[in-house]
Amino acid sequence: MSKYFGTDGFRGEANKDLNVEHAYKIGRFLGHYYGKDHKCRVVIGKDTRRSSYMFECALAAGLTASGADAYLLHVTTTPSVSYITRTDDFDCGIMISASHNPFYDNGIKLLNGEGEKMGDDVIELVEQYLDGVYGDIPFAERENIGRTIDYASGRNRYIGYLISLATHSYKGVKVGLDCANGSTWMIAKSVFDALGSETYVINDAPDGLNINTDCGSTHIEKLQQFVKDNKLDIGFAFDGDADRCLAVDENGNLVDGDLILYVYACYMQERGKLGDSKVVTTVMSNFGLYKALDMRGIGYEKTAVGDKYVYENMRANGHWIGGEQSGHIIFAKYASTGDGMLTAIKLMQVVLDKKMPLSKLTAPVSIYPQCLKNVKVTDKDVTMNDPDVQAAVEAVTAKLGAEGRILLRKSGTEPVLRVMVEAPTYEMCEENVDFVIEAMNKKGLLIEVKKK
């Protein structure tokens, strides 16, 4: 793990863990690094949280001071930055967002010229500059000073790209959208309206402080109730930067990333498009998904948690679809990162093409009960390696046998450990999660527990 950058960028509380000087320095380095032999061009997007505007200005100042031109997409989604970086030949892209985190957090996500997560080799150099060990970077002077350029047209072209991917009219379909008061508040409805749906939207009034607050993919119960109350055909919930999408079927039931992977993989298989390709999952995917894929004869692979690792596996092995239970779904033919809007469009394609409600498409998958608790501890590594904690994990593993599993892992984006158990009943899950957490508590390693 890098010092500042985790699996999804440099993230933390704004002006506390991640401050405006960090942003300025990141801009200074990127403008210098990519502009050694040409005029560097960098595209920047941001979500709706209050501090995103501050970080946008700081990044642009750093870039232009190093001689780069900064193109501003303004409020937009992470996948749109990825798309525009790739299609418009930018040297790199930057997204300012802390994804599903609360408004007071923020993050800086760096993308290479292909719209992919920036490589560790460059990230290491960025961190060296942040720590003052890289060396001095000269300021651009006179005509070499960079410019900031309004690039809202890029966001509009991304919207056009999404619309072009739809294979059916949505006329007559009642669709609910939860925009999480985030990046999709100006995009999602326009796309679904253009495709002809009867669109119902909630949480599309961002004020800088309400992003992800009791809404979006991390609070799916809001959309579930909305779909039931309004008798909608389907619903989609996004997170703050819209690289995630969770769905709700016509009965108000959650359709998470595992179920989305199953539905689309089966659709590809039925049309002869899957071939020898496997579904790429993370270790957090549910037992039920694997059993259902086994029944269909569809192969799968498991990676560490993080869409970065999912994409790396897909690219290395030529797999077409992969993702996470949380709703990061990657369709390799269309994008190089998780894209919530794209996920919604592809799921609509299956529903309309097969003329089946979402509930029927997901029916073959029996999801195992799962309990996940986030644990703030004094030190993640010390806690993970504590002999008594390890003994507790081994005891749970032996107890569950082939009927379940336990997973203890460090978060790549937050200062917590995650304790997850799957078992035949929820009671068994919670009992065994609490058993491991109590082992941490007895050793004085525990600060706070939060059930997810």
- Item | region 424-447 - residue that is exposed (fewer than 15 other Cβ atoms within 10 Å of the Cβ) and under 20 Å from Gln370 (Cα atoms) and, of those, modelled with the lowest pLDDT | Pro424
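Across region 258-279, what is the total count of residues that are closer than 15 Å to Val350 by Cα and under 21 Å from the mean Cα position of the chain (by Cα)?
7
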- Output the residues belonging to region 291-314 that are touching an Asp or Glu at 6+ places or on another chain (Cβ under 8 Å) and either assigned to a helix (DSSP H, G or I) or closer than 12 Å to Ala332 by Cβ (or both). Asp307, Lys308, Val310, Tyr311, Asn313
- Query: Restricting the first residue to region 229-249 and requiring it to be in the same structural domain as Met348 (by TED's automatic domain parsing), which pairs with a second residue that is acidic (Asp, Glu) meet a Cβ separation below 6 Å and a spacing of at least six or different chains?
  - Reply: Asp233/Glu250; Ala237/Asp178; Gly240/Asp47; Asp241/Asp47; Leu246/Asp256
- Message: Regarding region 85-99, can at least one residue be identified that is in a strand (DSSP E or B), within 23 Å of Thr218 (Cα to Cα) and either under 23 Å from the mean Cα position of the chain (by Cα) or modelled with pLDDT of 95 or more (or both)?
- Response: yes
- Residue ID - farthest from Tyr71 (Cα to Cα), chosen from residues in region 102-141 that are assigned to a loop (DSSP other than H, G, I, E, B) and in contact with a Lys or Arg (Cβ under 7 Å, 6 or more places away or on another chain): Phe103
- Message: Just to be sure before I move on: is Leu259 more than 17 Å from Lys333 (Cβ to Cβ) and touching a helix residue (DSSP H, G or I) at 6+ places or on another chain (Cβ under 8 Å) in the structure I sent?
- Response: yes
- If you go through region 336-372 one residue at a time, how many are assigned to a helix (DSSP H, G or I) and farther than 30 Å from Glu114 by Cα? 9
- Just give me the residues in region 377-396 being closer than 14 Å to Asp434 by Cα and either modelled with pLDDT under 95 or in contact with a strand residue (DSSP E or B) (Cβ under 6 Å, 6 or more places away or on another chain) (or both), in sequence order. Val393, Val396
- Which one of Val126, Val122, Val175 is of a type in the set (Val, Ile, Thr), touching a helix residue (DSSP H, G or I) at 6+ places or on another chain (Cβ under 9 Å), in the same structural domain as Gly9 (by TED's automatic domain parsing) and over 20 Å from Lys39 (Cβ atoms)? Val126
- All conditions in (1) over 19 Å from Met118 (Cα atoms); (2) aromatic (Phe, Trp, Tyr); (3) surrounded by 22 or more Cβ atoms within 10 Å (Cβ to Cβ) are true of Tyr53 except (3)
- Message: If I filter region 6-35 down to residues being modelled with pLDDT of 95 or more and assigned to a loop (DSSP other than H, G, I, E, B), which single residue comes out as surrounded by the most Cβ atoms within 10 Å (Cβ to Cβ)?
- Response: Gly35
- Note on the structure: Log entry, pairs with first residue in region 153-174 being touching a residue at least 12 places away in the same chain (Cβ under 8 Å), second being surrounded by 18 or more Cβ atoms within 10 Å (Cβ to Cβ) and of a type in the set (Gly, Ala, Ser), beta carbons closer than 7 Å, six or more apart or on different chains, reads Arg155/Ser80; Tyr158/Ser80; Tyr170/Ser197; Val173/Ser197
- Query: Condition test on Gly208, is it touching a Phe, Trp or Tyr at 6+ places or on another chain (Cβ under 9 Å), under 30 Å from Asp88 (Cα atoms), assigned by TED's automatic domain parsing to the domain that holds Asp239 and exposed (fewer than 15 other Cβ atoms within 10 Å of the Cβ)?
  - Reply: yes
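The values are calculated or read from the model by the stated rules, or taken from the named source; none is laboratory data. Fair warning: this is a prediction, and the values are worked out from it, not measured in the lab. Neighbour counts are summed over all protein chains in view; Cβ atoms, including those assigned to glycine, are modelled from backbone coordinates with ideal geometry.
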